[in-house]
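The values are calculated or read from the model by the stated rules, or taken from the named source; none is laboratory data. For clarity, every value in this text was computed on a predicted model and none was experimentally measured. For neighbour counting, all protein chains shown are included, and Cβ atoms are generated from backbone atoms with ideal geometry for every residue, glycine included.
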Amino acid sequence: SVRWGLIGASTIAKQFMINAIRAQEGGEISAVMSSSPERAKAYAAENSIPLAVSTLDDLLGAGIDAVYISTTNELHLEQAQAAIKAGKHVLCEKPLALTSADARTMVAAAKAAGIVLGTNHHLRNAGAHRTMRDAISAGRIGKPIAARVFHSVYLPENLQGWRITKPEAGGGVVLDITVHDADTLRFVLGDDPIEISAFTQSAGMAGSGLEDGAMCIWRFKSGLIAQSHEGFTTKFADTGFEVHGSEGSLIGKNVMTQKPVGTVLLRTAKGEEELSFDHEDLYVRSLRQFHAAISGKGQPSATGEDGVWSLASAEAALQSEKSGKAVAIDPKL
Ligand code: NDP
């Protein structure tokens, strides 16, 4: 069995990850840690978790094998390092840290300790994205030329907290959503970004100098260029992911989401075909790969290195907004 400790009494754990852990054979949640003892207790009771703690030492000492970190972003580094030091496998939320340098520190520590470190980039686990990746690598659109990512949503009221008020917690849409777009582009295209240019805005939701909208232009190693739109403030937009190649286009609709939904269309000279894909829960699939990695089989669906890449990309986007120039993306891995 794999006994998990939750670091952070978060919404994402409650909505998706507790279920994803319990869906695995031998997946158990032994304890939850919140900075507030009362919240820890209430969260544990609500989610049938046997132990509620309010310090990292108590959590790491609770006979667990792995931790899932879903606290606010400024806490990930210190908590991951403590867990790694205690020999626990770490599945950490994105962004891994506030800077790619800190994320590299985590990756190096995990490697030295021989533990598994994964980044919870869920979209790699979506059937829609895996189908697009397979179609591209099978040559079905010829040479990929351009990609477009539509990932501007409306941040639900219950989440209109630190993301839009706390720069020190790693708020802002770039660290929240652009990181996912970076990872999904890398995954679907099988290519790495080398340069980014970004405009960001505060369209009325985020305060404290934080951005709640971003448009980015990306250049990839192969020469492909991409555009992505991330936002918290668009109530009526669809999401989507498109890749256009020399011999065809892939058009994913409603695919930038936590749910296993959406459609993928392949359009070529032969006409249009809707590609079928599996509709397994993204997080359940992610956890299955993480458990396999713990038992020595393969890697987490998104590794620590993937988390460094996505954060280095987001960092470069923020630098580009500041400088008004295109910025090189270099994960220094
Ligand atoms: P939440 O705001 O729900 O939780 C973050 C922290 O805020 C918790 O650890 C908790 O602190 C505190 N908190 C939560 N609810 C309350 C409350 N009602 N009152 C007081 N404090 C509260 O954040 P999310 O779950 O949205 O995000 C957490 C992490 O997960 C982030 O790193 C985010 O980027 C990532 N994320 C990833 C997603 C993905 O699909 N990969 C999706 C959503 C988020 P404490 O633990 O100390 O009680």
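Data for the structure
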item: Test: residue in segment 196-211 that is away from the ligand (no atom under 14 Å from the Cβ), among the charged types (D, E, K, R) and surrounded by fewer than 19 Cβ atoms within 10 Å (Cβ to Cβ); result: no
item: Residue match in segment 121-142 (condition: within 18 Å of the chain's Cα centre (by Cα) and not in a helix (DSSP H, G or I)); result: yes
item: Filter result for Thr55 (among the polar types (S, T, N, Q) and more than 8 Å from the ligand (Cβ to nearest atom)); result: yes
item: Residue under evaluation Asp191, criteria (1) surrounded by 18 or more Cβ atoms within 10 Å (Cβ to Cβ); (2) of a type outside the set (A, V, I, L, M); (3) outside any loop (DSSP other than H, G, I, E, B), criterion not met; result: (3)
item: Yes/no for Ser228 being assigned to a helix (DSSP H, G or I) and in contact with a helix residue (DSSP H, G or I) (Cβ under 9 Å, 6 or more places away or on another chain); result: no
item: Exclusive hit being more than 16 Å from the chain's Cα centre (by Cα), of a type in the set (A, V, I, L, M, F, W, C) and modelled with pLDDT of 95 or more, set Leu117, Leu59, Leu96; result: Leu59
item: Only listed residue being in contact (Cβ under 8 Å) with a residue 12 or more places away in the chain, surrounded by 17 or more Cβ atoms within 10 Å (Cβ to Cβ) and not small (Gly, Ala, Ser), chosen from Gln289, Gln258, Gln227; result: Gln289
item: Residue tally, condition within 15 Å of Gln160 (Cβ to Cβ) and small (Gly, Ala, Ser), over segment 189-213; result: 7
item: One residue from Glu46, Glu38, Glu78, Glu93 being within 12 Å of the ligand (Cβ to nearest atom), of a type in the set (Asp, Glu) and under 27 Å from Ser313 (Cβ atoms); result: Glu93
item: Any chance Ala182 is surrounded by fewer than 18 Cβ atoms within 10 Å (Cβ to Cβ), touching a residue at least 60 places away in the same chain (Cβ under 8 Å) and more than 21 Å from Gly142 (Cβ to Cβ); result: no
item: Count of residues meeting criterion [part of a helix (DSSP H, G or I), under 16 Å from Thr200 (Cα atoms) and touching a helix residue (DSSP H, G or I) at 6+ places or on another chain (Cβ under 7 Å)] in segment 153-173; result: 1
item: Some residue of segment 110-131 being among the β-branched types (Val, Ile, Thr), more than 19 Å from Gln299 (Cβ to Cβ) and in contact (Cβ under 8 Å) with a residue 12 or more places away in the chain; result: yes
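Yes/no per residue for (1) away from the ligand (no atom under 13 Å from the Cβ); (2) surrounded by fewer than 18 Cβ atoms within 10 Å (Cβ to Cβ):
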{"site": "Gly296", "(1), (2)": "yes, yes"}
{"site": "Gly307", "(1), (2)": "no, no"}
{"site": "Glu315", "(1), (2)": "yes, no"}
{"site": "Ser320", "(1), (2)": "yes, no"}
